[in-house]
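S.K.: I am attaching a structure below and will ask some questions about it afterwards.
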Amino acid sequence: MDEVVGRHKPSSILEVGTNVGYSAIRMARHLKAGQRLTCVEVSGDMALAARVNFEKAGLSDLIEVIVGDALSVLPTFTTRFDMVFLDAAKDDYLDYLRSVEKLLHAGSVVVADNVKSFYPAVKPYLDYVRNSGRYASSYRDAPSNWGTDEGDAVEVSVRL
């Protein structure tokens with residue numbers, strides 16, 4: 001995550017699926033004043049926990065949390081995004097992307113998490129970003145977060 005954000009230097013990021021905010025904090029650390037990370041989280045309890053963690057990390061002024069089902073919330077957005085991080089319901093990844101695709105520009109980067117451990121659920125998404133001709137896409141192995149498994153992978157796709 002740090003490598004992708006560091007390389008692409010997004011000023012507007014969308015995270016779909018925030019949980020307690022770990023990934024959002026990793027991304028927001030790279031943002032500057034006036035830049036924005038928008039998080040969409042379906043669970044009010046998780047959104048509250050994330051807000052507390054953002055405050056503790058000193059990043060609240062850079063992060064907005066929207067509570068709601070991403071499939072309902074995303075189509076209402078009108079702001080363009082430099083980066084999208086997908087980490088919610090895996091079988092909805094393609095629908096999430098299609099909901100915001102009009103808000104992406106050439107060079108926008110989309111990162112899909114857990115594409116190894118949830119391969120059957122994310123296969124339609126992977127087929128799309130790899131074969132639509134709209135993205136330059138690459139699969140990247142990721143080490144274990146907890147040291148107790150073989151790790152996972154992300155798909156990094158840059159809008160052409």
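Since every read-out is calculated from the coordinates, none of them should be taken as a lab result. Here the structure is a predicted model, which is why all the values come from computation and not from measurement. Don't worry about glycine lacking a Cβ; one is built from the backbone with ideal geometry, like all the others, and counts go over all protein chains shown.
S.K.: With Cβ to Cβ distances under 14 Å as the rule, what net charge do the other residues near residue 35 carry (K, R +1; D, E -1)?
M.R.: +1
S.K.: In addition: Output wanted: per-residue J couplings in Hz (rounded whole) for the stretch 127-139, from phi through Karplus 6.51 cos²θ - 1.76 cosθ + 1.60, θ = phi - 60°, x for Gly and Pro.
M.R.: 4, 5, 5, 7, 10, 6, x, 9, 9, 9, 10, 9, 8
S.K.: Can you compute log10 of I(q)/I(0) for the chain with the Debye formula, treating each Cα as one identical point scatterer, at q = 0.10, 0.12, 0.15 Å⁻¹?
M.R.: -0.32, -0.47, -0.77
S.K.: Kindly state, as a whole number, the per residue volume in cubic angstrom of the convex hull around the alpha carbon atoms of the stretch 1-92.
M.R.: 87 Å³
S.K.: On to the next question. On average over all directions, what projected area in square nanometres does the stretch 78-123 have, based on the convex hull of its Cα atoms?
M.R.: One quarter of the hull surface, i.e. the mean projection, equals 3.2 nm².
S.K.: Need the list of lysines near residue 56 for cross-linking: C-alpha distance under 21 angstrom, and skip anything on the same chain fewer than eight residues off.
M.R.: Output for residue 56: 32.
S.K.: Mind listing the long-range amide H neighbours of residue 14? Cut-off is under 5 Å, sequence gap 5 or more, other chains count too, H placed in the peptide plane at 1.01 Å from N.
M.R.: So residue 14 has HN proximity to 38, 83, 84, 85.
S.K.: Would you calculate, for the chain, the mean residue ellipticity at 222 nm contributed by helices, counting each DSSP H stretch of 4 or more residues as -39,500 (n - 2.57) and dividing by all residues, to the nearest 500?
M.R.: Computed mean residue ellipticity for the chain: -9000 deg cm²/dmol.
S.K.: Based on a Kirkwood Rh over C-alpha pairs, give the Stokes-Einstein translational diffusion coefficient of the stretch 100-160 at 10 °C and viscosity 1.306 mPa s in µm²/s.
M.R.: Calculated translational D: 130 µm²/s.
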